[in-house]
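The values are calculated or read from the model by the stated rules, or taken from the named source; none is laboratory data. Everything numeric here is computed off the predicted structure, so don't read it as measured data. Using ideal geometry, Cβ is built from the backbone for each residue, glycine included, and neighbour counts are taken over all protein chains shown. Accessible surface is based on the protein model in full, side chains and every heavy atom, while ligands, DNA and RNA are left aside. Shrake-Rupley method; radii C 1.70, N 1.55, O 1.52, S 1.80 Å.
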Amino acid sequence: MAKTIIELKNADLTLGEAAASVHVLKGVSLTVDAGESVGIVGPSGSGKSTLLMVMAGLEQLDGGEIVIDGTALHRMSEDEIADFRGRNIGIVFQSFHLIPNMTALENVAVPLELANVRDAFDIARRELVAVGLGERLTHYPGQLSGGEQQRVAIARALAPSPKLLIADEPTGNLDAETGRQIADLLFAEQRERGMTLILVTHDAALAGRCTRQVRVRSGEIVSGAEAAPLTEPTRQEAASA
């Protein structure tokens, strides 16, 4: 039986205040099993990115529950959530969010150093090699193409060996061919490491590569809320069988 890694129960969230408030998530329930790849799709303003941020621990619920790998985030303080996120969740954003005055190697190593991880730079170097940037370690973000910057961001997300990788429009700022290469990399790393991948995308082809699609409309999940059996075992599962 597959292990549940994400469980939301009646998740409710309103953003803004008074007349400017928006009821973004309306009693959302969602289950994701370890090793799944889940594409979250829906029209602009439907709440899909907010749902992603809740799963990343970057938005806290007004009501309901969120449990990640057995840990109840809704019962934790912001500092406790940040610590949990740093050890268990990798995040890739559309806009890369690299530090401009740091090299690729430093960008990947910094979160590890902040978490007091030993051999941070050795791990960062290994991850950059894994994403095809072994020759670009000392380059700054401004010296890298958009695709290369996203590869650095992916290496940074993967460096702590997270169980959960979350990506918000990871190909949104890239041309079609570069976007395809980045998507290939994300899915290859997800399979290789046996991680769970959750991504928000407007790209139907990218969402279609996931094992499941969750459709969101007006703050509610309209399809795909329940985890489906994986069609094939991850490499990690196969090795332990």
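Of the heavy-atom accessible surface of the chain (probe 1.4 angstrom), what whole percent is carbon and sulfur? Show your work: numbers first, answer last.
Working: 5630 of 11660 Å².
Taking all protein chains in place, the chain shows 48 percent carbon and sulfur surface.
Could you tell me the calculated FRET efficiency between N116 and N173, based on Cβ-Cβ distance and R0 = 30 angstrom, to the nearest 0.05?
On the way: r = 32 Å, r/R0 = 1.08.
So, using R0 = 30 Å, E works out to roughly 0.40.
What do you get for Rg/Rh over segment 3-144 if you use C-alpha atoms and the Kirkwood form of Rh? Don't skip to the end; give the middle numbers.
Values: Rg = 17.8 Å, Rh = 17.3 Å.
Ratio of gyration radius to Kirkwood radius: 1.03.
Given a Förster radius of 30 Å and the C-beta distance between Y140 and V22 as r, what FRET efficiency does 1/(1 + (r/R0)^6) yield to the nearest 0.05? Please report the intermediate quantities before stating the final value.
Working: r = 38 Å, r/R0 = 1.27.
Rounded to the nearest 0.05, the efficiency is 0.20.
If I build a Gaussian network model for the chain, linking alpha-carbon pairs within less than 10 angstrom, which residue out of E106, E148, E80 has the largest mean-square fluctuation?
E80
Among all the aspartates and glutamates, which ones have a C-alpha under 12 Å from K3's C-alpha, if same-chain residues fewer than 8 places away are not counted?
Within the straight-line limit of under 12 Å, K3 reaches these aspartates and glutamates: D33, E36, D69, E237.
Please state the charge dipole magnitude for the chain, taken about the Cα centre, from unit charges on C-beta atoms (+1 on K and R, -1 on D and E), reported in debye and rounded to the nearest 20. Each step should come with its number before you reach the end.
Details: 22 positive and 32 negative charges, 78 e Å.
The dipole of the chain has a size of about 380 debye.
Once R0 is set to 45 Å, what does the formula 1/(1 + (r/R0)^6) return for the Cβ-Cβ distance between T4 and R126, expressed as a FRET efficiency to the nearest 0.05?
On the way: r = 30 Å, r/R0 = 0.67.
With R0 = 45 Å, the Cβ-Cβ based efficiency is 0.90.
By how many nm would the segment from S161 to R209 grow when fully extended, if each residue of separation counts as 0.36 nm and the alpha-carbon distance is taken off?
On the way: separation 48, 0.36 × 48 = 17.28 nm, distance 2.26 nm.
Gain on extension, S161 to R209, equals 15.0 nm.
If the cut-off is 20 Å between C-alpha atoms, which aspartates and glutamates fall inside it for K26, apart from same-chain ones fewer than 8 positions away?
Partners found: E7, D12, E17, E59, D62, E65, E220, E226.
With the crude spin-label approximation of a point 7 Å out along Cα→Cβ, what separation in nm comes out for H97 versus T14?
Placing both labels 7 Å beyond Cα along the Cβ direction yields 2.7 nm.
Could you grab the relative contact order for segment 25-82? Cα pairs under 8 Å, six or more apart, rounded to a whole percent.
Numbers: 29 pairs, mean separation 12.3, N = 58.
It rounds to 21 percent for segment 25-82.
Who wins for biggest fluctuation among A82, A130, A176 in a Gaussian network model of the chain, springs between alpha carbons below 10 Å?
Highest fluctuation of the listed residues: A176.
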